[in-house]
């Protein structure tokens, strides 16, 4: 059934040569290409890890810098608000003082006008009394009015 002869030996030798040629021509270059690709991927992975670490350290630095800038900005804002409050208080105090001074001058002016008006009313009352007595009696009469009493009554009213 199965004979071993020279053809079988040649066939086995050719098959062995074919496998050696196949290994040299196809398998070794493909294996080397796969190995190079795997090395390249490994290197890219290492580079990506290193870049991620650098980026996270930079982000941390930026965040800390941003926090310090925010704190500085907040202190500037609070300083500005305090200054504005101080300026507002000073301005209100100044306006209040000016208002009080204006009120005092107005009170003084009113008191002066009141005195002048009372003096005019006393003189006018004296004239009215003299006119009324002249019309009643038909002749001019000198009427003695106590100006201080008239003034006191006018001030009370």
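Values quoted throughout were computed directly from the atomic coordinates according to the rules given, and no laboratory measurement underlies them. All figures in this text were calculated on a predicted structure; none of them were measured in a lab. Cβ: placed from backbone, ideal geometry, glycine included. Neighbour counts: every protein chain shown.
Here are a few things to note about the model shown:
- Here the alpha carbons of the chain define both size measures, Rg and Dmax, at 59.6, 187 Å.
- Where labels lie 7 Å past Cα in the beta-carbon direction, separation of residue 10 and residue 81 in nm: 10.3
- Given their separation in residues at 0.36 nm each and the Cα-Cα distance between them, residue 36 and residue 94 gain 12.4 nm when the chain is fully extended.
- Kirkwood Rh in Å, taken over all unlike Cα pairs in region 82-157: 16.3
- Comparing 60, 16, 31 in a Gaussian network model of the chain where C-alpha atoms under 10 Å apart are linked, the largest mean-square fluctuation is found at 16.
- Across every pair of non-identical alpha carbons in region 41-103, the mean reciprocal distance, once inverted, gives a Kirkwood radius of 16.3 Å.
- Net length gained if the chain between residue 131 and residue 57 were fully extended (0.36 nm per residue, minus Cα distance): 15.9 nm
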